[in-house]
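First up is the structure itself, then whatever we jot down about it.
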Amino acid sequence: DAGVIQSPRHEVTEMGQEVTLRCKPISGHDYLFWYRQTMMRGLELLIYFNNNVPIDDSGMPEDRFSAKMPNASFSTLKIQPSEPRDSAVYFCASSFEDKNTEAFFGQGTRLTVV
Amino acid sequence: KQEVTQIPAALSVPEGENLVLNCSFTDSAIYNLQWFRQDPGKGLTSLLLIQSSQREQTSGRLNASLDKSSGRSTLYIAASQPGDSATYLCAVSFYGDNLFFGTGTRLTVIP
């Protein structure tokens with residue numbers, strides 16, 4: 001397996017624009033997580049899914065953020081409208097249903113909102 | 001509230017030195033603890049996973065220990081090399097699903 005795949009790797013957009021980040025988890029993994037990493041706050045969990053169902057979205061900062069997982073092999077994180085303070089690296093991770101297994105991370109998407 | 005703390009925030013050592021990175025967490029009821037490495041501009045690479053029932057795990061020059069009662073984990077790196085320079089993150093699974101991350105320790109190994 002190629003691992004967790006995120007796209008794009010880099011995104012630069014203007015304030016107010018819609019941004020969509022994409023993630024393909026490792027095949028067979030039941031959990032999918034979206035994290036955001038900033039210098040000030042470190043790594044923060046935004047939302048996670050189990051078997052395509054959102055379980056906990058309490059980390060989503062505002063209604064401008066939304067995430068979907070239409071099937072087991074694809075998830076999106078959307079920001080609409082984007083703001084400069086959304087600039088960060090967004091990571092997607094996946095793991096098996098077994099709670100005692102590792103989480104595998106994608107390479108991240110570096111988002112810059114100007 | 002579950003919190004994960006890593007000390008020091010940055011560490012610089014000469015090549016060949018053995019070193020220890022520290023991680024502490026607030027709740028002893030954990031499922032597992034995972035150590036990651038992050039290189040600049042890159043994703044997170046899993047180094048070691050310790051189950052709640054284990055006390056340590058080893059992989060090559062790396063050894064991670066877990067003491068749940070004191071809420072601490074250490075990552076020991078033997079014979080450090082310049083290629084070990086990176087940020088090391090500790091992450092704890094308190095409920096068996098999502099991870100709580102420390103802020104990381106930035107390691108620099110000087111040739």
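The values are calculated or read from the model by the stated rules, or taken from the named source; none is laboratory data. Just so it is clear, the structure is predicted and the values come from calculations on it, not from any experiment. No Cβ is skipped: glycine too gets one built from the backbone with ideal geometry, and neighbour counts run over all protein chains shown. Calculation scope for accessible area: heavy atoms of the full protein, side chains included, ligands and nucleic acids excluded. Shrake-Rupley method; radii C 1.70, N 1.55, O 1.52, S 1.80 Å.
Filtering region A:94-114 to residues that are in contact with a Gly (Cβ under 9 Å, 6 or more places away or on another chain), within 20 Å of A:T38 (Cα to Cα), open to solvent by 10 Å² or more (accessible area, probe 1.4 Å) and in a loop (DSSP other than H, G, I, E, B) leaves only A:Q107. Sub-6 Å Cβ pairs linking a first residue in region B:35-46 that is within 13 Å of B:A91 (Cβ to Cβ) and more than 7 Å from chain A (Cβ to nearest Cβ) to a second residue that is of a type in the set (K, R) and surrounded by 14 or more Cβ atoms within 10 Å (Cβ to Cβ), at least 6 apart or interchain, are B:T45/B:R37, ordered by first then second residue.
Considering only residues that are among the charged types (D, E, K, R) and within 14 Å of the chain's Cα centre (by Cα), which ones fall in region A:74-86? A:K78, A:D86, listed by residue number.
Can you tell me how many residues in region A:43-73 are more than 11 Å from the chain's Cα centre (by Cα) and either at pLDDT 95 or above or surrounded by fewer than 20 Cβ atoms within 10 Å (Cβ to Cβ) (or both)? Going through region A:43-73 one residue at a time, the tally reaches 18.
If you go through region B:60-86 and keep only what is at pLDDT 95 or above and either closer than 20 Å to A:Q37 by Cα or among the polar types (S, T, N, Q) (or both), you end up with B:N63, B:S65, B:S73, B:T74, B:S80, B:Q81, B:S85, B:A86. For region B:87-94, the criterion of being in contact (Cβ under 8 Å) with a residue 40 or more places away in the chain, more than 12 Å from chain A (Cβ to nearest Cβ) and touching a strand residue (DSSP E or B) at 6+ places or on another chain (Cβ under 9 Å) is met by at least one residue. Checking the structure you have, find out if any residue of region A:14-25 is at pLDDT below 95, surrounded by 15 or more Cβ atoms within 10 Å (Cβ to Cβ) and assigned to a strand (DSSP E or B). Taking every residue of region A:14-25 in turn, none turns out to be at pLDDT below 95, surrounded by 15 or more Cβ atoms within 10 Å (Cβ to Cβ) and assigned to a strand (DSSP E or B). Selection of strands (runs of 3 or more DSSP E) fully inside region B:46-111 by the criterion of at least 2 residues being surrounded by fewer than 18 Cβ atoms within 10 Å (Cβ to Cβ) returns B:56-59, B:62-67, B:72-77, B:105-110. The single residue among B:V13, B:V109, B:V20, B:V92 that is in contact with a Leu (Cβ under 9 Å, 6 or more places away or on another chain) and under 24 Å from A:Q6 (Cα atoms) turns out to be B:V92. Among residues that are closer than 13 Å to B:L44 by Cβ, open to solvent by 40 Å² or more (accessible area, probe 1.4 Å) and within 14 Å of chain B (Cβ to nearest Cβ), A:F91 is not included. The residues of region B:20-31 that are at pLDDT 90 or above and buried (at least 20 other Cβ atoms within 10 Å of the Cβ), listed by number, are B:L21, B:C23, B:F25.
Screening the candidates B:E3, B:E17 for the property of being surrounded by fewer than 21 Cβ atoms within 10 Å (Cβ to Cβ), acidic (D, E) and under 23 Å from A:T38 (Cβ atoms) yields one hit, B:E3. Take B:L11 and tell me if it is open to solvent by 10 Å² or more (accessible area, probe 1.4 Å), among the aliphatic types (A, V, I, L, M), within 29 Å of A:E97 (Cβ to Cβ) and in contact (Cβ under 8 Å) with a residue 12 or more places away in the chain. When the stated conditions are applied, B:L11 does not pass them.
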